[in-house]
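Here is the structure we will look at.
Please treat every number below as a calculation from the coordinates, not as lab data. Keep in mind that what you see is a predicted model, and the values were worked out from it rather than measured. So basically every Cβ, Gly included, is an ideal-geometry build from the backbone, and we count neighbours across all protein chains shown.
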Amino acid sequence: MHDINDHFDPDNFDINLSEISKIEGAASLEIKVRDKKIEDLKFSISEWKRFYTQAIQGKPAVAIPQLVARICGTCSNAHLLCSIKAIENALSILPSNQTKLLRKLLHFGLLIRDHALHLYIFALPDIYNKNSILEFDENDTVQNQLLEDTFAVKEVGNQLSIIIGGRSVHAPNPTIGGFHKLPKIDDLKNLRPKLQQIRPKIINLVEIFAKVTSVLKPRIQPSFSSLTSDDFSFLDGIMKSAAGKALSERELDKYLEAVIIPYSHARGFKLNGNLMMVGALARLNLSKQSLHPKTKIDINNYLSLFPSSNIYHNNLAQAIEILHVIDTSLDIIDRLNEIAEEKPPKITPKESVGVGIIEAPRGTLYHKYKIDSQGLVKKAEIIVPTGQNQVLMEKGIYEQTERLLLEDADKEKITLEAEKLIRAFDPCMSCASHFLQVNWR
Amino acid sequence: MFHCSTADKIKSMNNKLRIGWFSFTCCEDSTIIFTELLNTHWKNWKNSIEFAHAKVLKKSPEIIPEMDVAFVEGAITGDKQEEKLNNIRQKAKILVAIGSCAVVGSPSNQRNFFNRSQLEEIKPILERFKYKEKVLKLSEIVKVDDVVPGCPMNEQVFLQIMDKYLNTNPLSFRENEATEKSSEETSDVPKRK
């Protein structure tokens, strides 16, 4: 992957990472160093667009959730739930309490699996100086346990999604107003001990990421923003920024300013003209007091680290979120004694605009649809977390590289640290690159 | 299509099946299914397979290495992708198309069916980044030996194919390659490669 020069000049070199590994999708990084100064730096998302916002036009609104789930295999169920929420808001459909709880469990299954994929498979090898989690030494007690934990934790998240959604990726069961097919209560109850079993593994993971010493605090602090709620629900709440200001959900696209990055297949964003960041770090910064009480007790030593502007704390925040969703899932499963046979409501089309906002694993996800009287989508706007973080990602790599050059770091070290920082943002390129700016009139 | 006796059981030089996992234009849903299959299958596979290239799991070489089996998901939408796919085909004894976009092109090929006004909207992007005129499925560019259909890929079909190649004699691969090359030269089916 690296373009290592044969005769290395520490003051003048190029870094060309055409395919960054251990991230979701394709991204590349080019750094040109001359006289020990950065002459050019480009972080670009190199996924090819699939033009979902155009493809949605003219299609029945009821068909959209399953279509947009295909925007991203990693966070497909987040797109599914966000799209359902937008259409329900447009058509004034109120889901039942049971539906809300089951959707939470579906989303929590995704959060466990997705955060675990990022932390164990992508980020942990950096801490242990390994190329891959699969290269962890099975004769080393600690490393072998982490390898076992990787699969055990991911599998529980996967199973939770399968029980509720019918499949962990592109779940077929959830629909507008409810579920085509409801889960079996016994399957959920049987999963309870497995959720309990992975709890200590996650506390261990929190401790590992809390000890990481890497620091990158952007010189200009970004505006952290997320959906906030009393129960840290990810699916409901009020949009807030770090300044404590509530943002109107229906008008979120007015606060977000699209930034065209000529060399990237994806557009970036600023929030009210400021650098911004969404995701686990933003959520912990804004809502740590709303974490599950058991979570707060077990990770109390680390909560004081938040609010934090250290980008590497995004990994720690994700580990804490896994514990929170395990604890909340256990509560929900304990409270559910039966699953009532509820049928999704009949849908009556009407001319309307619907907005859905949820917290996907990587941050705030926004779907907006304009629907006509026949129930067909006229326009769509989808804003994904990685787009919102893209401008800060490039700026962060720049500032870190500048610092490393001052510390006389070599090309290999600069490259490795850039990759670690990109992974700390946990970008999802599949999501980021498939939309065009929509002009709403 | 490749056929072999499941009784034959030897693999590459180190006795492991060298596999590659590649993603082109798609949502990478099958990559996720694959990483989830590792949860329950890695213990059985770890002594039998070696990842020659799998960007999702490890830093992988920029030069495509020689492989026994290349699993390829996604459709082809740019010339550079076509070039890379041809390279993978040359380096892999077996190429398996993974998931709907690789096998039939959909849904990544939805722009192939856009109307005039939709095409006008996306034209500046297509031109700036040199997109192909049409999105292509893998078999429109290279010979595909096996397919795992589905969106995401059908797990059971994938596991059957993994089992088949884990039990394949590499000598059969080579004999098959020679036969295929000879039949390609006389085939009426047009191939872009």
When the charge dipole of chain A is computed with +1 at the Cβ of Lys and Arg and -1 at the Cβ of Asp and Glu, the Cα pointing farthest to the positive end, of A:PHE224, A:LEU41, A:TYR255, is that of A:TYR255
Please report, in debye to the nearest 20, how large the charge dipole of the protein assembly as shown is about its Cα centre when each Lys and Arg carries +1 at its beta carbon and each Asp and Glu carries -1 there. 1640
Read phi for every residue in the range A:337-348 and hand back ³J(HN,Hα) as whole Hz from Karplus 6.51 cos²θ - 1.76 cosθ + 1.60, θ = phi - 60°, with x for Gly and Pro. 9, 8, 10, 6, 6, 8, 9, x, x, 6, 9, 10
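Quick one: net charge around A:SER214, please, counting Lys, Arg +1 and Asp, Glu -1 for every other residue with C-beta under 14 Å from its C-beta. Walk me through the numbers before you get to the answer.
Working: positive: A:LYS211, A:LYS217, A:ARG403, A:LYS413, A:LYS420, A:ARG423; negative: A:ASP126, A:GLU399, A:GLU407, A:GLU417, A:GLU419.
Residues near A:SER214 contribute +1 overall.
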Using only Cα atoms, tell me the angle between helix A:76-90 and the longest principal axis of chain A; keep it within 0 to 90° and round to the nearest 10. 50
In Å, what Kirkwood hydrodynamic radius results for chain A from the alpha-carbon pair distances? 22.3
Using the Karplus curve 6.51 cos²θ - 1.76 cosθ + 1.60 with θ = phi - 60°, work out ³J(HN,Hα) for each residue of the range B:45-52 in order, rounded to whole Hz, and write x for Gly and Pro. 8, 4, 8, 10, 10, 9, 7, 6
Under the rule rounded for a/c under 1.5, else prolate if a/b exceeds b/c, else oblate, using alpha carbon gyration tensor axes a ≥ b ≥ c, the range B:17-177 is classed as prolate
Just the number, please: percent antiparallel of the DSSP beta bridges in the protein assembly as shown, rounded to the nearest 5. 70
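Sort B:TYR131, A:TYR398 so the one with the fewest other Cβ atoms within 10 Å of its own Cβ comes first. Display every interim value, and only then the final one.
Values: B:TYR131 20, A:TYR398 16.
Placing the least packed residue first, the sequence is A:TYR398, B:TYR131.
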Determine ³J(HN,Hα), in whole Hz, for all residues of the range A:287-293 in sequence, where each value follows from phi through the Karplus function 6.51 cos²θ - 1.76 cosθ + 1.60 and θ = phi - 60°; x replaces Gly and Pro. 9, 4, 5, 9, 5, 4, x
Run through the range A:257-357 and list the trypsin sites (Lys or Arg not before Pro) located in a DSSP loop whose Cβ has at most 14 other Cβ atoms within 10 Å. A:LYS346, A:LYS350
Note to self: C-alpha centroids of the range A:300-324 and the range B:104-150 sit apart, in Å, by 41
Under the rule of -39500 (n - 2.57) per DSSP H run of 4 or more residues, summed and divided by the residues of chain A, what mean residue ellipticity at 222 nm is obtained, to the nearest 500 deg cm²/dmol? -13000 deg cm²/dmol
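What is the diffusion coefficient of the range A:325-441 in µm²/s, taking the Kirkwood radius over Cα pairs and the Stokes-Einstein relation at 20 °C with a viscosity of 1.002 mPa s?
115
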What does the structure give for B:48-60 when I average, per residue, the other chain Cβ atoms found within 10 Å of the residue Cβ? 5
Count of lysine pairs, the range A:222-349, Cα-Cα under 28 Å, sep. 8 or more residues or interchain, comes to 13
Distant-in-sequence amide H partners of A:PHE224 (H built 1.01 Å from N, under 5 Å): A:ALA242, A:MET277
Just for the range B:17-177, what percent of DSSP beta bridges are antiparallel, to the closest 5? 15
How much length is gained on full extension from A:GLU30 to A:ILE220, taking 0.36 nm per residue of separation minus their Cα-Cα distance? 66.1 nm
Considering only the other residues whose Cβ falls under 14 Å of the Cβ of A:GLN374, what net charge follows from Lys and Arg at +1 and Asp and Glu at -1? +2
Cβ-based net charge around A:VAL278, under 10 Å, with every Lys or Arg adding one and every Asp or Glu removing one: +1
Compute the FRET efficiency between A:ASP410 and A:ASN204 as 1/(1 + (r/R0)^6), taking r as their Cβ-Cβ distance and R0 = 30 Å, and round to the nearest 0.05. 0.35
Pairing the Cα long axis of helix A:185-210 with the longest principal axis of chain A, what angle in degrees results, from 0 to 90 and rounded to the nearest 10? 20
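I need A:GLU412, A:GLU342 ordered by Cβ neighbour count within 10 Å, fewest first.
Exposure proxy ranking, most exposed first: A:GLU412, A:GLU342.
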Lysine pairs within the range A:146-222, Cα separation less than 26 Å, 8 or more sequence positions apart or different chains: 11
